[in-house]
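Everything below concerns the one structure shown next.
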Amino acid sequence: MRKITTFIILLWTFFANSQTTDLAISVEARNTNNTQVSQLHIFEEFYYLITITNSGNAVSNAIFSQTLNTNIQVLDYNGLNALGGATLPTDLTMVGNQLTGTLPNMPASSSLQIKVSAYAPLNPGGISTSTSVLPPDGTTDINESSNQSIISTNIYEVALDFSITQIQTNPPAGSGISNWGNTVTYQFTLTNNSSIDFPIENFIASLYLNTSTANGTATAQLMSVSCIGASGMNCISLSDFSSTVANIDAASANVAEDMFEQETTTIFPAGASITIQLIYKFNEGNCALNVPEPIEINSIMNAYTLNNTYSSFTSNIVTTPLLEATYCPCTDVGIETEVINGLVNGAVLNWEDEITFETVITNYGPIDTSTYAMLQNILGNYIPWEIISVTCTETVGNVDCSTITYNYTSTSQQWTSSYFDLAVGESVTFETVVKFFEPDCATSTVLNSNVKTTKVQTDPDCETNNNYDNEIFELPSSDLCENTDISVTKTQIAPQLPLGSSASTPTSWEPITYEIVVSNNSNTDTYFELKEYYNFVSPANTPQYTGTLISVNCTETTGTANCQDIPNAYIGVENDSTGDFFFEITPEENWLLPQNSSITFEMVIEWNPNCGSEPVPVATKTLIDTIDPILDANSSNNAATVITYFTPCVDLIVQTYPSSPTVSVDSNFNWIIDISNSSNSSTATNATFSTTLNSAFIINGNPTCSVTQGNASCISGFSVSGNSISGIIPTIDPGASMQVIVPTMSPTFGGSFNNIAEVNPDILSNGEVDPETNISISSIQVLAPQLDKYFEPNAIQTGQISTLVFTITNITGNPEQYDVSFLDQLPAGISLVDSPQWENQNGTTATFVGAYGDDFVGVQGLYFPEGVANCSFSVNVTASDAGDFINENANFSDRFNIETTNTYATLTVTENPTPELDLSITKTVDNETPQLGDVVTFEIVLTNNSNVFASEIEITEILPEGYQFISATMSTGNYDETYWTIPILNANESATLTIIASVTHIEEYINTATITYLQQIDRDSSNNSDSALVTPQCFDIYNGVSPNGDAFNEYFVIDCIDYFEQNNVKIFNRHGVLVFEQDNYSNTWNGRANKGALKNANQLLPVGTYYYLISIPGMDPRTGWLYLNY
């Protein structure tokens, strides 16, 4: 008994201190249309949706983290959609590219999501993100394989097209300023003509000369800059500009003076533009050296992006004429030097003999100036001299020798005087005494000096040909220098040749080991220096690459040579430009290379490519040289270059995801693996593909492969071993993608289960730019579809209506779902007032159950097409008794493939104090007296004047004869030109029927609309019909008659007289004599009499005024005058 008790205590202790849970995480990329994607265009706005679920025991303070690509721009992040009692994280924190947070509470069967919104990178290529969720210390996750999710997304290029249009607005284009100090206004319109939104990183407005600097320069001051217009976007703020003042002295756009820079990134929507106005003030700058001509200024603007392909855009150039600059005064100061002592027959006889130079500086006019002189031993590093003295010996004019000082030491190889004033016609004479020293050795049998004198003046020089003078003379001979012959060779030793030796045998992207051998092939010891540097190979289309020194060592010597340390080895430094050193051996290190000896170095460099479609050549160059005084007699072997060809690099991206983030138990779905090759990549050959499904899944069919974009060869045959699938991708071109689909059966139990997919290039064929995008991990949650429902509103009075809304959620991407069914037995006292109808069908199909008067509602055979996230339907209900009605899980029956556990809705019904129903109808017409042929509009308004609903309403609305029906519109229900039927009209609501018809007869017509059927009893039927009376108008009499054959007013015309067949028309002259009479008149009188004295003359009546009398039975006579003329 004692032993048993101890066992129980120990067992309890084990479980108490070993809490378990089953957390899972999955991440997907979605565009702004909420569509899951594996490809995005550059700078496309998208978001990562991270779903975290708990299929195990409740857990608190689980840790979430996400690592994001450093090239995306994160916009926002937040938690959402907490279900099952989960608590959203409140401490989401972004540090660098790492997002972390704590999940306070994750009960069993709960879930939540985290949304991270971002802009895609500005350049194409693959990006990856890795997410994880881990339980806190002390809690064990029973299924750690689902704690991480990795996806990669291909970012593809879209052509960018920005234009910058510049105009000069003031003064008008082509005009210049009239005075220095005037301003010029320029306007720049920046337009994004691209098909996508994209940011301009900065834009710069610059000025430069369109004329030579010899014509003078101008100073420009930026007075103001403002955004004066925008289309498709808001103007940007430019208030922080500085009033830049600059002397515009550059004559090229490459070195233009930047006057304004907008440093804040500006996002331009597709098709959007802004207009920037800049105003400059121009003043005179430097004077003109040439005969003055008008200065011209060029204005230009450049906009820059961080896209590697479309990095900058330039405006048109606007040239503005300015004024002439002031002509600069100039003078001509010349200098002459000669040897006046120490030469014999033009040569120095002995080393260290004193040599005297005489230097004369003269101002030839036309203006006074200030100047200084300099005398220099050009070969001082080889044949040095000693300056013994420098003396001002003579002046012409007012120059005082004592005011002139000299800057030199005895070992200096030049002297420089101080500035001194020199008026026109004045001159100064200097004498310099030096002696030359014999060099250590001579490079030739004849040695010559090279002594140069130079002067510099403050004012422009009118004549520059006499600004310097050279003295060259022969020096004594000297012993010739010793010669040696050192050489260098370099060989790639790993990988072993011929790999990497040519474009036809490229090597994979791995560190390259080089062997460098420096040899002394002579009988003279020498010190040497060595430089090992990056040497960019630049055939057409070669991509840029970087090289980093991993190691360099002296590994072997021959003869009497010895290894030394290499202090100038730049290990770990990334080089990308020709001339960047990997390592150096400098003269200060005193590396000795004895005669007939050699030193061997081993160097390892790691190369990193940018993608290219052809094998990528990279190169290093080694240079060696001897150190003075030993000379290398053969410099042709002092350099060695090795070019290594790497395989074309690729940027493969893989993303795996289930066809639905969740799936019901024992159901079919697909694991989808999208494989892409970045558009800035090269063709990948024989890449390996593999995917491993969790052992809980059953592979339920043959995997398939299809090319979804571009040119690629799909996997022709898969190797399936258990739940692992692999294959070879023969080729996939840049910008191409393919999709592998693995039919899968979900397990018979719930939980979270993952899939791991990988794609890797064949190292013999391709290198990989970013291995992080070669793996993807995703999980799926095995669940049944979830049902939610609610009443809207959730409180009504008896006889009123509430809408019961059902939502079935099957997360976007789910595989097809069949036969989702349930029957909701409504709480006693609640009944339907109509049949169910779709709220959001979303592509689903189903058979609804329930009709008017039923106390149940449901759905049968609900079908979800693949990828549909949810659907919803509703039904209107009412209650005749007051009470609180609870509709919960216990109300359901006949359930299939549906989860109703957490379904709960309540409806509160209170007694209605006035439940009587009263419908009223009104009818109006927009024109009660239309003309024949006019169009009239009837409006019939049905109003529910009560606080209860009415249903199954029928209104009889028939147009009488005399109208031609044109169209009808109704706010609700249906109209068939006889009956307007309305299924339901809620309390205090109205419905409207509008009928448009044309008038075809002129009788009076009464049009009546009547409520002829209603499901309920209307307490007041007196307002159940209404009429509209229309009296058409058509009896215009025209009182001008001119029967002259011109086809105008030939007859006495009375509109619509033909509608009154029993009419009588009489016409009298001004004396009251009847001259014309006709029964059933039809607009035929043309001024001839058929009564009176002229009735038989068949002549036209005289011009004048006549009077008519028109008689129509049932109408008052019409009288008036008419005028007859010809």
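The values are calculated or read from the model by the stated rules, or taken from the named source; none is laboratory data. Everything numeric here is computed off the predicted structure, so don't read it as measured data. Backbone-built Cβ (ideal geometry, glycine too); neighbour counts: all protein chains shown.
Quickly run through the stretch 194-235 and pick out the residues that are part of a loop (DSSP other than H, G, I, E, B), farther than 20 Å from residue 312 by Cα and not hydroxyl-bearing (Ser, Thr, Tyr).
Answer for the stretch 194-235, where residues must be part of a loop (DSSP other than H, G, I, E, B), farther than 20 Å from residue 312 by Cα and not hydroxyl-bearing (Ser, Thr, Tyr): 210, 216, 232, 233, 234, 235.
Out of 588, 602, which single residue is under 18 Å from residue 490 (Cα atoms), surrounded by fewer than 23 Cβ atoms within 10 Å (Cβ to Cβ) and either among the acidic types (Asp, Glu) or in the same structural domain as residue 443 (by TED's automatic domain parsing) (or both)?
602
Is it fair to say residue 174 is surrounded by 21 or more Cβ atoms within 10 Å (Cβ to Cβ), farther than 30 Å from residue 24 by Cα and outside the structural domain of residue 679 (by TED's automatic domain parsing)?
No, not satisfied.
What number of residues in the stretch 100-130 are polar (S, T, N, Q) and within 16 Å of residue 70 (Cβ to Cβ)?
Summing the residues that are polar (S, T, N, Q) and within 16 Å of residue 70 (Cβ to Cβ) in the stretch 100-130 gives 4.
Every residue, every condition in (1) of a type in the set (D, E, K, R); (2) at positive phi; (3) within 48 Å of the chain's Cα centre (by Cα), yes or no:
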{"residue": "498", "(1), (2), (3)": "no, no, yes"}
{"residue": "505", "(1), (2), (3)": "no, no, yes"}
{"residue": "514", "(1), (2), (3)": "no, no, yes"}
{"residue": "520", "(1), (2), (3)": "no, no, no"}
{"residue": "528", "(1), (2), (3)": "no, no, no"}
{"residue": "565", "(1), (2), (3)": "yes, no, no"}
{"residue": "571", "(1), (2), (3)": "no, no, yes"}
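I'd like the residue in the stretch 1039-1067 that is of a type in the set (Phe, Trp, Tyr) and touching a residue at least 24 places away in the same chain (Cβ under 8 Å) and, out of all such residues, is farthest from residue 939 (Cα to Cα).
1051
Just need a number here: residues in the stretch 530-563 that are modelled with pLDDT of 95 or more and at negative phi.
The number of residues fulfilling the criteria is 18.
Give me the pairs: first residue in the stretch 921-933 and over 10 Å from residue 1027 (Cβ atoms), second residue among the basic types (Lys, Arg), beta-carbon distance under 7 Å, and six or more apart or on different chains, which are they?
none
Tell me, which residue of the stretch 821-844 that is in contact with a Gly (Cβ under 8 Å, 6 or more places away or on another chain) and either more than 17 Å from residue 804 (Cβ to Cβ) or surrounded by fewer than 16 Cβ atoms within 10 Å (Cβ to Cβ) (or both) is modelled with the lowest pLDDT?
In this case the residue turns out to be 821.
I'd like the residue in the stretch 516-529 that is modelled with pLDDT of 95 or more and among the β-branched types (Val, Ile, Thr) and, out of all such residues, is surrounded by the fewest Cβ atoms within 10 Å (Cβ to Cβ).
Filtering first and then ranking leaves 517.
Taking residue 765, is it buried (at least 19 other Cβ atoms within 10 Å of the Cβ) and hydroxyl-bearing (Ser, Thr, Tyr)?
So residue 765 does not fit the description; no.
Which is in contact with a strand residue (DSSP E or B) (Cβ under 6 Å, 6 or more places away or on another chain), part of a loop (DSSP other than H, G, I, E, B) and among the charged types (D, E, K, R), of 834, 824?
Only one candidate passes the filter, namely 834.
Could you list all residues from the stretch 797-820 that are assigned to a strand (DSSP E or B) and surrounded by fewer than 22 Cβ atoms within 10 Å (Cβ to Cβ)?
Selection gives 797, 801, 803, 805, 807, 809, 818, 819.
Considering only the stretch 487-500, state which residues are within 12 Å of residue 643 (Cα to Cα) and buried (at least 17 other Cβ atoms within 10 Å of the Cβ).
Answer for the stretch 487-500, where residues must be within 12 Å of residue 643 (Cα to Cα) and buried (at least 17 other Cβ atoms within 10 Å of the Cβ): 490, 492, 499, 500.
Enumerate the strands (runs of 3 or more DSSP E) found wholly within the stretch 36-81, keeping only those where 2 or more residues are in the same structural domain as residue 137 (by TED's automatic domain parsing) and over 26 Å from residue 158 (Cα atoms).
45-54, 59-67
Within the stretch 451-475, which residues are surrounded by 15 or more Cβ atoms within 10 Å (Cβ to Cβ) and outside any strand (DSSP E or B)?
459, 460, 462, 466, 467, 473
Which pairs have Cβ atoms under 8 Å, sit 6 or more apart or on different chains, and link a residue in the stretch 658-680 that is within 16 Å of residue 864 (Cβ to Cβ) to one that is of a type in the set (Phe, Trp, Tyr)?
Filtered contacts from the stretch 658-680: 658/669; 658/671; 659/669; 659/671; 660/669; 663/669; 665/749.
Here are the criteria: (1) over 35 Å from the mean Cα position of the chain (by Cα); (2) at pLDDT below 95; (3) crowded, with 17+ Cβ neighbours inside 10 Å. Tell me which single one residue 716 does not satisfy.
(3)
Quick one: which residue in 919, 932, 942 is over 57 Å from the mean Cα position of the chain (by Cα), surrounded by 14 or more Cβ atoms within 10 Å (Cβ to Cβ) and within 23 Å of residue 852 (Cα to Cα)?
919
Among what's in the stretch 279-324 and is in contact with a Pro (Cβ under 6 Å, 6 or more places away or on another chain) and not acidic (Asp, Glu), pick the residue that is surrounded by the most Cβ atoms within 10 Å (Cβ to Cβ).
That would be 289.
Name the single residue that is surrounded by the fewest Cβ atoms within 10 Å (Cβ to Cβ) among those in the stretch 628-675 being among the hydroxyl-bearing types (Ser, Thr, Tyr) and within 30 Å of residue 536 (Cβ to Cβ).
Here the residue is 636.
Filter the stretch 406-450 for residues that are charged (D, E, K, R), in a strand (DSSP E or B) and under 17 Å from residue 370 (Cβ atoms) and give the result.
Across the stretch 406-450, the qualifying residue is only 421.
Just the residues that are of a type in the set (A, V, I, L, M) and in contact with a Leu (Cβ under 9 Å, 6 or more places away or on another chain), please, taken from the stretch 730-749.
Within the stretch 730-749, 732, 742 meet the criteria.
Residue-by-condition table, conditions (1) in a strand (DSSP E or B); (2) under 30 Å from residue 488 (Cα atoms); (3) under 28 Å from the mean Cα position of the chain (by Cα):
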residue: 640; (1), (2), (3): yes, yes, no
residue: 643; (1), (2), (3): yes, yes, no
residue: 654; (1), (2), (3): yes, no, yes
residue: 657; (1), (2), (3): yes, no, yes
residue: 665; (1), (2), (3): no, no, no
residue: 669; (1), (2), (3): yes, no, no
residue: 672; (1), (2), (3): yes, no, yes
residue: 685; (1), (2), (3): yes, no, no
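So if I check each of 355, 367, which one is under 18 Å from residue 437 (Cβ atoms) and among the hydrophobic types (A, V, I, L, M, F, W, C)?
Step by step, each of 355, 367 is checked, and only 355 is under 18 Å from residue 437 (Cβ atoms) and among the hydrophobic types (A, V, I, L, M, F, W, C).
Return yes or no: is residue 1101 surrounded by 12 or more Cβ atoms within 10 Å (Cβ to Cβ), over 11 Å from residue 1066 (Cα atoms), in contact (Cβ under 8 Å) with a residue 24 or more places away in the chain and more than 60 Å from the chain's Cα centre (by Cα)?
yes
It is to be established whether one or more residues within the stretch 1046-1062 are among the polar types (S, T, N, Q) and either farther than 30 Å from residue 1100 by Cα or out of contact with any Pro (no Cβ under 9 Å at 6 or more places or on another chain) (or both).
no
Scanning for something polar (S, T, N, Q) and under 30 Å from residue 212 (Cα atoms), does the stretch 339-361 turn up at least one residue?
no
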